[in-house]
Amino acid sequence: MFPRLAEQYRSVVHDLVLSLQALARSLQNRGLAATCYTCGDGRDGQGASFVANLGANHMVRFLVSDFGISWVESRDGHELVKLEGAEAIQELQRVAQVLQLPDAVASQGRLGKAAG
C-alpha cells in the first residue's frame, strides 16, 4: 500500500509542477512578473518554486516537492498567509481562477482576499 501512495503523491507533485509552469507562462503573457523554477528529473522526485508579483508589493510563492506543498502570500515584505497541503493547492486554484477573468490585470486588488 505505501509504495502505491508514494507513487500517487509523486504523480500529484508532477502535475502541480506542470500546472505551475503553465501558470507562470500565462501570467508572463499578461504582463505580470512570474517565474517557475523546477528541480529534479522526475525519476527520483521533482519540485518547483513558483513566485509571482501581483502588483502593489503583493507577492505569492508556491513551493511543491516530494517533501511538501506550501503557499506563502506577502505584501511589503511581510508574510500575510502561509498555507500547506490541500489548503495551499486550493489557494493556488483561487488565484488562477481570478487571473482568468478578463480584467484581472487591471484590477489586481481583488486578489488580496486572504490579505484583506
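Considering each residue of the stretch 36-60, count those that are exposed (fewer than 14 other Cβ atoms within 10 Å of the Cβ) and either within 17 Å of Ala88 (Cβ to Cβ) or of a type in the set (S, T, N, Q) (or both), and give that number.
Count: 1.
Regarding Leu99, is this residue closer than 23 Å to His14 by Cβ and in contact (Cβ under 8 Å) with a residue 60 or more places away in the chain?
Yes, satisfied.
Give the stretch 54-96 a look and list any residue that's under 23 Å from His14 (Cα atoms) and either modelled with pLDDT under 85 or out of contact with any strand residue (DSSP E or B) (no Cβ under 6 Å at 6 or more places or on another chain) (or both), or say none.
Asp66, Phe67, Gly68, Ile69, Ala86, Glu87, Ile89, Gln90, Gln93, Arg94, Val95, Ala96
From the set of residues in the stretch 24-38 that are at pLDDT 90 or above and hydrophobic (A, V, I, L, M, F, W, C), which is farthest from Ser49 (Cα to Cα)?
Selected residue: Ala33.
The values are calculated or read from the model by the stated rules, or taken from the named source; none is laboratory data. Everything numeric in this text was worked out from a predicted model, so none of it was measured. FYI the Cβ positions are ideal-geometry reconstructions off the backbone, even for glycines, and counts take in every protein chain you see.
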